[in-house]
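First up is the structure itself, then whatever we jot down about it.
No value in this document is a laboratory result; all are computed from the given coordinates. Note that the structure is predicted; figures quoted are calculated from it, not measured. With ideal geometry, Cβ positions are generated from the backbone for all residues, glycine too; neighbour counts draw on all protein chains shown.
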2 protein chains.
Amino acid sequence: MALEELGEFGLIDRIVARLGDAAARDILVPPGDDAAAWASEPGAAVATIDALAEGTHWRAGTMTLYDVAWRAVASNVSDLAAMGARPAHLLVATLLGPRATLAEIDAFADGLADACRRHGVRIAGGDVVRAASTAFTIAAFGQAPLDAAGAPRLLRRDGARPGDAVAISGMPGASGAGLLLIADGRAKAPAAAALVEAHRRPLARPELGLRAAAAGLRCAIDVSDGLLQDLGHVARRSRVGIELAGAQVPLHPAAVELLGRDAAFDQALGGGEDYELVLTGPRDALRALDTPELPVTLIGRVVAEHPGEVIVWTDDGEEYHPPSAGWDQLRGPAPR
Amino acid sequence: MALEELGEFGLIDRIVARLGDAAARDILVPPGDDAAAWASEPGAAVATIDALAEGTHWRAGTMTLYDVAWRAVASNVSDLAAMGARPAHLLVATLLGPRATLAEIDAFADGLADACRRHGVRIAGGDVVRAASTAFTIAAFGQAPLDAAGAPRLLRRDGARPGDAVAISGMPGASGAGLLLIADGRAKAPAAAALVEAHRRPLARPELGLRAAAAGLRCAIDVSDGLLQDLGHVARRSRVGIELAGAQVPLHPAAVELLGRDAAFDQALGGGEDYELVLTGPRDALRALDTPELPVTLIGRVVAEHPGEVIVWTDDGEEYHPPSAGWDQLRGPAPR
């Protein structure tokens, strides 16, 4: 069926029906009115917006729109996780290019629904428009509780202090390694499955963010553009230096096996879209966040020296300069 | 300067600096972190998202990006106004096509800033990405207070009841008339100024929405796609019929002067992007909303008959069928 035949409101009804229980039908005003409304509590409202555009964030053929939707949900939930907020509601703007098909929109809706269920969030509303190229924008909302003194518990980029340790969840670089293997036509290798899954269905870490905030930690960022680049934001905003012990950065065993230790290490430092959380704070508080389900590993420390800079040390006491330091939305891969 | 030279984070800093006091610098977490955070109160959180795409909502040459930004702010604030919420914070996703220039982005930021100041809202965060074509998505957040019984006061599309009167703010069709005059090369005619202004710098009506909700009204929609089409949403969602007295629909005197009464009337019924509010409720409550600054005019009534349908009556007791009934995002102008 042509999109024109269905019309704007027919298409919206179709998407909402397809979302099933991932559509927030029981909030104060569910999808379908001028705006969505849900009950708000005293505390902090936390909100973020993220855009994904064809040609920039995916190319027709390399990613299905199911995967694009999944990533869009994960990246938004991850931004709230990095604040220590509980993510709850998403709004989705769908910009349809001239070649967008109904089958693609269905796949997008299915990806939204599955990623929402996996992350415990729901779609509260959206917008559908025609555009010269396909893109999606998601805005995500959550809430952060108040502490005993009535102040909101939030994890901020400017919360790192000299003396803090630095820790990371999971195994950074898995998504980047998966992308390399897909590009090399090696995605079918048996050991590649977990890496390809990390690239295609990344998982944000909202429960870790909540536990960290509840434990009194005050600084985190999510690894969306690459570990070094994202830690650089923390270093600049907190006016501190950060030193990483390269050997302590946890590497995915499959990435080491398939790409070699050096390439796996570079993906861990520079690969984006892992959506792991990097946290700073007292060593013991960070150690206490480690669980069998989601490892949290100490990888470095915050120092007063070289404010704004992140330095990676090798075991030999040398400074290591990876070939790529991360992703810049306007420049592409950042040079070193 | 090329955008690549400035880089993603340089560009974001430039936009935030340009926003001046339209950037929300004093909230719990201002622009620059993973997400924005502001204090939330008990009541209803109200949120909406709207996308504007080059080629669909504007064409290079017919609208400056200053005007595009203004309209994006107005349309989002209008969605919150139509719920009876107090708009407060916006998040802005900027998708930059290959031909986007720094001068255009500066103009966009200036339009955002001025429209935010005029509407009493502020930018709390955003995202900047490269895309195959230029588009902007804004998400807007507001809050609706609780009534004495602890229920949120919200204006809904499904709140119209038989026996209600129907009223509209301002003079619908002014924006559509302005667009016609621009397309005809008559924008410089002295009488055209107010209409061109209505098209280029539309004003949403959040104060009216708040007054209506506080007065106990329960149903409104904003005129974004055309009066008849938007009232059609109210009729369908409320399962009521709506009858308009054509002669009572307030027409802009300049539209009547420059286009003639018939064309001005058709613009009032089918022209979009006026961002006036249409309200239903007890006649006296609607009359009490009328002020010298913003007229509110009774134009019809809600009936139990012909549910889902909006009928326009002429003075001669004939049913009137306008040539265009509004705008569908996928089909273009809706047929009758």
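Quick notes
- Exposure proxy ranking, count of Cβ atoms within 10 Å, fewest first, for A:Ser224, A:Ser175, B:Ser78: A:Ser224, A:Ser175, B:Ser78
- Take the Cα of B:Glu257, step 7 Å toward its Cβ, do the same at A:Arg287, and the gap between the two points is 8.1 nm.
- Cβ-placed point charges (K, R +1; D, E -1), dipole of the range B:120-161 about Cα centre in debye, nearest 20: 120 debye
- Each residue, A:Glu319 and B:Asp158, gets one label point 7 Å from its Cα in the Cβ direction; the gap between the two is 6.3 nm.
- For the protein assembly as shown: rounded, prolate or oblate by the Cα gyration tensor [a/c cutoff 1.5]: prolate
- At 7 Å out from Cα toward Cβ: B:Asp21 inter-copy label distances (nm, ascending): 5.0
- Shielding of A:140-152 by partner chains, average beta-carbon count, 10 Å: 2
- Distance from the Cα centroid of the range B:243-301 to that of the range A:238-256 is 64 Å (rounded to whole angstrom).
- The distance separating the Cα centre of the range B:40-96 from that of the range A:116-166 comes to 20 Å.
- Per-residue shielding of A:88-95, expressed as the average number of other chain Cβ atoms within 10 Å of the residue Cβ, stands at 5.
- Each Lys and Arg adds +1 at its Cβ and each Asp and Glu adds -1 at its Cβ; summed about the Cα centre, chain B shows a dipole of about 340 debye.
- Environment charge at B:Ala214 (Cβ cut-off 13 Å; Lys +1, Arg +1, Asp -1, Glu -1): +2
- Shape of chain B, Cα gyration tensor, a/c cut at 1.5: oblate
- Ranked by how many other beta carbons lie within 10 Å on average, peptides B:79-89, A:273-283, B:242-252, A:95-105 from highest: B:79-89, A:273-283, B:242-252, A:95-105
- Using a 7 Å projection from Cα along Cα-to-Cβ, the label point at A:Thr62 is separated from the same position in the remaining copies by 3.5 nm, smallest value first.
- Were the residues from A:Glu309 through A:Arg25 laid out at 0.36 nm apart, the gain over their Cα-Cα distance would be 97.6 nm.
- The residues B:Leu19, B:Leu65, when put in order of fewest to most other Cβ atoms within 10 Å, stand as B:Leu19, B:Leu65.
- 7 Å along Cα→Cβ, label-point gaps from B:Pro162 to other copies, nm, shortest first: 7.8
- Sorted by Cβ neighbour density within 10 Å, fewest at the top, the residues A:Thr94, A:Thr137: A:Thr94, A:Thr137
- Summed residue charge, Cβ within 12 Å of B:Ile138's Cβ, Lys/Arg positive, Asp/Glu negative: -3
- Taking a Cβ cut-off of under 13 Å around B:Ala177, the surrounding Lys, Arg, Asp and Glu residues balance to a net charge of -4, with basic ones at +1 and acidic ones at -1.
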